[in-house]
Amino acid sequence: MAFQDPTYDQNKSRHINNSHLQGPNQETIEMKSKHVSFKPSRDFHTNDYSNNYIHGKSLPQQHVTNIENRVDGYPKLQKLFQAKAKQINQFATTPFGCKIGIDSIVPTLNHWIQNENLTFDVVMIGCLTENQFIYPILTQLPLDRLISKPGFLFIWANSQKINELTKLLNNEIWAKKFRRSEELVFVPIDKKSPFYPGLDQDDETLMEKMQWHCWMCITGTVRRSTDGHLIHCNVDTDLSIETKDTTNGAVPSHLYRIAENFSTATRRLHIIPARTGYETPVKVRPGWVIVSPDVMLDNFSPKRYKEEIANLGSNIPLKNEIELLRPRSPVQKAQ
């Protein structure tokens, strides 16, 4: 019969001998949970939209969740957008359209400049359609006399044409008159969109450019910190994505809203040097004079327009409610 120590506990001995095989106790786990590692992890989560497009033909912009309501979750910005839209409609001229051929655009605008003494504070050239004759407009038209100082110029074109126009905008003579400020981008939701560029081209390329680009240029000197009566509610993002509410037409309403929110000017002109056809109509908009071969209304009168501007004023007046809500440039501290 084997001798057995009276102090020996078989279960306790098994527990002690096997302690090195068990995991850490609760106290050790709590200590490790408090430790935070700042080293980058090798395994990280990525949204591989290129892979999604290859396998499911789903474009990256279709995965953006807040394109329908860009200010969702920001009640202050929602209130600002509503108040600003209401004020813009209140101080807008009659929707004017000037229906003329492409070859008559430059002579007509020259007549307005020389004989009617018309100037505009905001001028937008181009739309979301192909075959635009933008280069002749920029080279033949005295835009420095058509646009007031300070003033704003928006030029919309596809990726190919905007690269050609960039060479012109970098020209020394042009740079003295207009200072290129920002670039805006509009992206259609998919290839079925009427705004998808290159639909009239039959050849297929490996890489397709689907964006529309806009160069925003400024005449004169404008500072955000001191010229709040000119640059007012610049809360729109530089990237715009087509929404379900975007109506069929040559110009989405969001393109107009960017210019309306950016500047308080009431004298706005839109030049569309292209035939858009009946499938993509050019609709008039309150507060704008739209010059196009296919504009749906031809009612522009320089005399009537100047009378309405005289009653409204050349700038939208400041409103306390909007002033309290709109973002401002930070005030620099005196050193």
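The single condition from (1) over 27 Å from N311 (Cβ atoms); (2) among the hydroxyl-bearing types (S, T, Y); (3) under 22 Å from the mean Cα position of the chain (by Cα) that S253 fails is (1). Within region 108-159, being part of a loop (DSSP other than H, G, I, E, B), modelled with pLDDT of 90 or more and either touching a Ser or Thr at 6+ places or on another chain (Cβ under 8 Å) or polar (S, T, N, Q) (or both) holds for N115, N117, T119, C127.
Would you confirm, using the coordinates I've provided, whether A274 is modelled with pLDDT of 90 or more and either more than 19 Å from K86 (Cα to Cα) or touching a strand residue (DSSP E or B) at 6+ places or on another chain (Cβ under 6 Å) (or both)? Full working, then the answer.
Numbers: modelled with pLDDT of 90 or more: yes; either more than 19 Å from K86 (Cα to Cα) or touching a strand residue (DSSP E or B) at 6+ places or on another chain (Cβ under 6 Å) (or both): yes.
The answer is yes for A274.
Out of I162, I102, one residue alone is more than 23 Å from the chain's Cα centre (by Cα) and closer than 24 Å to G249 by Cα. It is I102. Filtering L143, L59, L80, L128 for residues that are of a type in the set (A, V, I, L, M, F, W, C) and more than 22 Å from the chain's Cα centre (by Cα) leaves a single hit, L143. Being touching a strand residue (DSSP E or B) at 6+ places or on another chain (Cβ under 9 Å), in a strand (DSSP E or B), touching a residue at least 12 places away in the same chain (Cβ under 8 Å) and exposed (fewer than 15 other Cβ atoms within 10 Å of the Cβ) holds for only one residue in E183, E164, and it is E183. Among the residues of region 54-74, is there at least one that is touching a Pro at 6+ places or on another chain (Cβ under 9 Å) and not hydrophobic (A, V, I, L, M, F, W, C)? For region 54-74, residues touching a Pro at 6+ places or on another chain (Cβ under 9 Å) and not hydrophobic (A, V, I, L, M, F, W, C): present. Taking region 131-150 as the search range and keeping residues that are over 18 Å from L230 (Cβ atoms) and of a type in the set (V, I, T), which one is surrounded by the fewest Cβ atoms within 10 Å (Cβ to Cβ)? Among those that are over 18 Å from L230 (Cβ atoms) and of a type in the set (V, I, T), it is T139.
The values are calculated or read from the model by the stated rules, or taken from the named source; none is laboratory data. The model shown is predicted, which means the values in this text are computed figures rather than measured ones. In this analysis, Cβ positions are derived from the backbone assuming ideal geometry, glycine residues included, and neighbour counts consider all displayed protein chains.
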